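Okay, structure first, notes after.
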Amino acid sequence: MRIAIADDDPEIIDFLGKIVEALGYVYSGYSDGTSLTNALLRDTFDLVILDWNMPGKTGMQILEWMDGAVEDRPPVIMMTSRTAKQDVSDALNAGADDYITKPEDKNVIAARINALLRRNVGASAMEPTAEYGDYLLNRIEQTVRHGGKDIALTAKEFELADLMFRNRDRTLSRRYIMETVWRTNAHLATRTLDMHVSRIRAKLALKPENGFRIFTVFGYGYRLETLSNGG
Amino acid sequence: MRLRQRLGLEWLAVALLACCVVTALTYWDGLSRFDNLVYDQLSAIDRPVPQSDVLIVKIDEDSLAAFGKWPWPRTRHAELFDQLAEDKPAAIGFDILLSEAGDPDDDRQLARSMAGNPNLFLPLHFVFPGSNGAEYDVKRPIEIFSAAANELGQVNLVFDTDGVVRRAALCFGDKVSGSEWPHLIEEIYRSVHGKPSPAYNRLQDCDRKLLMPFAQRGGYQSVSYAALVKGEVPGAFLEGKVVLIGATANGLGDQYPVPLGDGGTLAGVEIMANLYGALSRDDFVMPMPFPLQLLLSLLPVWILLIGFWRWRPRTTIIVSFALLLAILLASVILMQFALWFAPGTALVGVILVYPIWGWRRLQATSDFMDNELQNFHRSKIDIPIMRSELGPVDVITGQAEQLTHAISHVRDLRRFIADALSNLPDPMFITDLDGKVKFVNRLAQAGMEDGAQDLALDDMLNRFVSPDGLHEVKEYLEQTNRPTKQDYVDFTSLDGQIFAMRRAPILSDDGKLRGHIHYLADITEVAHAAQQREEVLQLLSHDMRAPQAAILALLDGREGDETSGRIEGHARRTLALADNFVGLARIDASEFAGEDILLAELVAEANDSLWPLGKARDIRCEVDDQSEGAFVSGEPSSLYRSFVNLIDNAIKYSPDGGTVTIMIRVTELDRQPFVSVAIADQGDGIKKEMLGHLFERFASDDSLAHSSIKGAGLGLNFVAKVMERHGGHIGGENRRDGGACFTVLLPLAPYLEEQAE
């Protein structure tokens, strides 16, 4: 796996590079937007980590440029110091696959990189059971086994939990979730989704102690994060 | 009162007055003297030719000279009748009263002589009032004469109020029941023609008097009584004629004033001759019946009254004179049709109504002008009204001059306002309801050589607003209701200035929409300042965060010695400080835009984000949620940050291994549903002197300033601002068993119908 890292701060490139190498991948660092776009034209990458504020071209400009210029565009993680809710949803809606605000823990970053590089997410849905951390999903019984107990979920709750586990550490848009679980994108159901997420969190005790946390990306969607130092 | 109403009332009053006067004058015949004068003049125009078959036998001065003074012995009359009997006239009317007996022998002789004339008619008369309470007494000739006469007829004369005989009563009494007394001449007519006269047949009752035309004085053939008795008149002259015998000598008193225009009198017998002539010719003039007379008298008055509303005064006066002539002409024409229309009242009506109306109209207009001018003086206008300094004039002229001044003053004022608007320091323009530009001030017109008058609003915008802002501006202008929150729209003009455009309605006195004022405030400098502020905030939020993030990234790879731990702490504090500072600075920059938030979820996530912090010091954070899915309407980022601040504080001030409890409940405050979040720690609590200043900016516990636990200072201030913005509350207190407790109250969002799964 080859990962391109663009950031105007060499410390950050160094920091991210170490994480990538620890995962067993290779990386190339670029300190400005223009050199990254040149590299993207010449070379193939499996993932791009983009800073927003860079000399040359900004992250957002590169994101837009990639849509037209790069064939079979690799997934993009936007990693920036901009924390405003509007910035996050803007970047995600512009096509970024994930958004990480600096500073972030290296384990979290590693998990998010892995999530995007994970393949055949759909295929694993065919398995009758799946294990995520301390959670065992039984797709036939539609139950989740955790802490020695079978937790009963409604059909929609199970479907939602399954979707989130399969896409753990990925940011899922509300629209995607609604269309996948409810097969509708009607906006009226927005409270329904909130309530379901809340019930899953409560029933499955998805909290840092158990190695997971549900994170709301305001104005965009949800992310089930894994915490490696949990439990 | 409005002028229109006042004039309407005045008009009604004038109309009513005119109608009353005309009706009263007609009813009481108040102008009969004038009318008679007119009648006399009109009747003189076309006098009838005397009937040739009438002969008057006059007891004149010659007769008196021949037979001595009156009364003559009745035998003298016997001689006359004997003479007449030989000449065979068609009828004889003897206009001498024979109602008392004389010498019996003489009476008998006369009666005998009378009997020799088969067509003799004798007069009877009435005495008013009658004896013994009767209405009248009938005085007949004594019996033997009555018996000798063919028929008796009444000879009453009808006097007008001026004592002139113009009319004749063809009968006396009650015609309807048949108990009337026909006139002597009518009886003669019947005898000669063998039937009642047509005029008599037409007569409905005896009270109706007919106007009779008079022939020239002395027009009827006449012979002297003396000459007839002496046999000086040839018999053929009398044969077949109607002979009327009566006194004409002045001394005998049988003389009456008649409308012959010369002021002279006419003998009763000649009046009878005229009556016979009128009966034969059937040319009586009929006085108009009262309703018709009234109607015709009112007609010209109403023509004028209605005309007052439509015509100018000049026309009205011409019409008035024309009406006067028309009334007289109507009298003349109707006279040709044997109808008498008395013109007096109609003339008086027309003459009366014009000046009265003119007076009332002038008065009303004058009062109105006075009133309006007073109002005008009273209205608060800064430019003093110029007073007329001319010499004394009449009231109306004075008012007219004042009005002129008022108008010129208004003109001044208009120019003043126009100048003021035109020189406004910001561009503005006014559109009417059709969206046409009706007024443009100097600045708004800049760069438009051809002016902007009557330009459509869209064209006006195209010349002013840069294409980027056009859509937004139009959207603002299309709003029908005025927005309550932000009643303006920002745009960049074609030459790069930034304007805030605001539209306000122009209403008429009675609240109807007349158009809109568009005011463009030049906010270029303000906008640039705001932009600079935004750049500073950007610098703080991003450019200050970036190096901190780099520091943390650098430290991440290292083994955790004490120094790197402290560096990390300082870096994180700087980050929090920047976040809170920017959050505070931005908090009121935008409108509150609440969205549905499941509060328990938000709190749980804020808590989750701080888990590593608690874990490092073995502090447990327990969330006790009994809010049952309560939603609040809020801004997720600032709320999230607030709870992070609060829980972060609780963890900071907790002893190692302590517990932070977070309780979420649905509660009520002033009967409004709220969601409460209480965050309690087991630390030392809040110092007394701090309690009142917890949420002030940079309030931080001094005693902790030197310890390793340090607050950002801005954190609680930020939380308080956020809660205020959400319509919520925050309070901090110490629990009885020690430890601080912060409670946040947020209004519960309205319940929505839960969507089916």
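Only residues that are closer than 21 Å to B:Gly194 by Cβ and touching a strand residue (DSSP E or B) at 6+ places or on another chain (Cβ under 7 Å) were counted in segment B:95-121, giving 4. Would you call A:Thr184 among the hydroxyl-bearing types (Ser, Thr, Tyr), closer than 21 Å to B:Pro636 by Cβ and either at the interface with chain B (Cβ under 10 Å from one of its Cβ atoms) or crowded, with 21+ Cβ neighbours inside 10 Å (or both)? Taking the combined requirement at face value, the residue does not satisfy it. Restricting segment B:472-506 to residues that are loosely packed, with under 14 Cβ neighbours inside 10 Å and at pLDDT 85 or above leaves a set whose member that is farthest from B:Asp426 (Cα to Cα) is B:Pro505.
For segment B:523-559, a residue qualifies if it is modelled with pLDDT of 80 or more and of a type in the set (Asp, Glu), and the qualifying residues are B:Glu525, B:Glu534, B:Glu535, B:Asp543.
The residue of segment A:1-20 that is nearest to the other protein chains (Cβ to nearest Cβ), among those that are within 18 Å of A:Met78 (Cβ to Cβ) and outside any helix (DSSP H, G or I), is A:Asp9.
For beta carbons closer than 9 Å, sequence separation of 6+ or different chains, a first residue in segment B:104-117 that is of a type in the set (Asp, Glu) and a second that is in a helix (DSSP H, G or I), the qualifying pairs are B:Asp105/B:Thr75; B:Asp106/B:Arg74; B:Asp106/B:Thr75; B:Asp106/B:Ala78; B:Asp107/B:Arg74; B:Asp107/B:Ile144; B:Asp107/B:Phe145.
Does B:Glu562 satisfy being of a type outside the set (A, V, I, L, M, F, W, C), at pLDDT below 85 and over 30 Å from B:Val666 (Cβ atoms)? Against the criterion (of a type outside the set (A, V, I, L, M, F, W, C), at pLDDT below 85 and over 30 Å from B:Val666 (Cβ atoms)), B:Glu562 qualifies.
Only a single item in (1) at the interface with another protein chain (Cβ under 10 Å from one of its Cβ atoms); (2) surrounded by fewer than 15 Cβ atoms within 10 Å (Cβ to Cβ) is not met by B:Gly569, and it is number (1). Return yes or no: is B:Arg545 away from every other protein chain (no Cβ under 14 Å), closer than 30 Å to A:Met54 by Cα and either surrounded by 13 or more Cβ atoms within 10 Å (Cβ to Cβ) or hydrophobic (A, V, I, L, M, F, W, C) (or both)? So B:Arg545 does not fit the description; no. Tell me whether segment B:653-666 contains one or more residues that are among the hydrophobic types (A, V, I, L, M, F, W, C), under 26 Å from B:Asp737 (Cα atoms), in a helix (DSSP H, G or I) and touching a strand residue (DSSP E or B) at 6+ places or on another chain (Cβ under 8 Å). No: segment B:653-666 contains no residue that is among the hydrophobic types (A, V, I, L, M, F, W, C), under 26 Å from B:Asp737 (Cα atoms), in a helix (DSSP H, G or I) and touching a strand residue (DSSP E or B) at 6+ places or on another chain (Cβ under 8 Å).
Among the residues of segment B:251-265, is there at least one that is assigned to a helix (DSSP H, G or I) and assigned by TED's automatic domain parsing to the domain that holds B:Ile92? Yes: segment B:251-265 contains one or more residues that are assigned to a helix (DSSP H, G or I) and assigned by TED's automatic domain parsing to the domain that holds B:Ile92.
Listed here are the residues, each with its yes/no results for (1) at positive phi; (2) within 18 Å of the chain's Cα centre (by Cα); (3) at pLDDT 90 or above.
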{"residue": "A:Ala6", "(1), (2), (3)": "no, no, yes"}
{"residue": "A:Ile49", "(1), (2), (3)": "no, yes, yes"}
{"residue": "A:Lys57", "(1), (2), (3)": "no, no, no"}
{"residue": "A:Ile77", "(1), (2), (3)": "no, yes, yes"}
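Residue count for segment B:174-224 satisfying the condition of being surrounded by fewer than 16 Cβ atoms within 10 Å (Cβ to Cβ), in a helix (DSSP H, G or I) and either aromatic (Phe, Trp, Tyr) or within 60 Å of the chain's Cα centre (by Cα) (or both): 3.
Mind listing just one residue for me: the one in segment B:613-633 that is assigned to a loop (DSSP other than H, G, I, E, B) and surrounded by 15 or more Cβ atoms within 10 Å (Cβ to Cβ) and, of those, farthest from the other protein chains (Cβ to nearest Cβ)? Only one residue fits best here, namely B:Ile619.
Restricting B:Val582, B:Val603 to residues that are surrounded by 17 or more Cβ atoms within 10 Å (Cβ to Cβ), within 12 Å of chain A (Cβ to nearest Cβ) and modelled with pLDDT under 85 narrows the list to B:Val582. Considering segment A:36-52, the residues that are assigned to a helix (DSSP H, G or I) and touching a strand residue (DSSP E or B) at 6+ places or on another chain (Cβ under 8 Å) include one that is surrounded by the most Cβ atoms within 10 Å (Cβ to Cβ), namely A:Leu36. Right, B:Ala593: within 14 Å of another protein chain (Cβ to nearest Cβ), within 30 Å of A:Ser198 (Cα to Cα) and not charged (D, E, K, R) or not? When the stated conditions are applied, B:Ala593 passes them. Residue-level analysis places A:Leu160 among those that are touching a His at 6+ places or on another chain (Cβ under 6 Å), within 14 Å of another protein chain (Cβ to nearest Cβ) and either hydrophobic (A, V, I, L, M, F, W, C) or under 17 Å from A:Val217 (Cβ atoms) (or both). Among the residues making up segment B:553-566, those that are surrounded by fewer than 20 Cβ atoms within 10 Å (Cβ to Cβ) and either within 17 Å of A:Ile12 (Cβ to Cβ) or not charged (D, E, K, R) (or both) are B:Leu554, B:Leu555, B:Asp556, B:Gly557, B:Arg558, B:Gly560, B:Thr563, B:Ser564, B:Gly565.
Evaluated against (1) buried (at least 18 other Cβ atoms within 10 Å of the Cβ); (2) in contact with a Lys or Arg (Cβ under 8 Å, 6 or more places away or on another chain), B:Asp53 falls short on exactly one condition, (1). Scanning segment B:632-646 for residues that are closer than 28 Å to B:Tyr751 by Cα and either more than 60 Å from the chain's Cα centre (by Cα) or not assigned by TED's automatic domain parsing to the domain that holds B:Gln672 (or both) yields B:Pro636, B:Ser637, B:Ser638, B:Leu639, B:Tyr640, B:Arg641, B:Ser642, B:Phe643, B:Val644, B:Leu646.
The values are calculated or read from the model by the stated rules, or taken from the named source; none is laboratory data. What you see is a predicted model; the values in this text were computed from it and never measured. Heads up, the Cβs are rebuilt from the backbone with ideal geometry, glycines too, and the neighbour counts pull from every protein chain shown.
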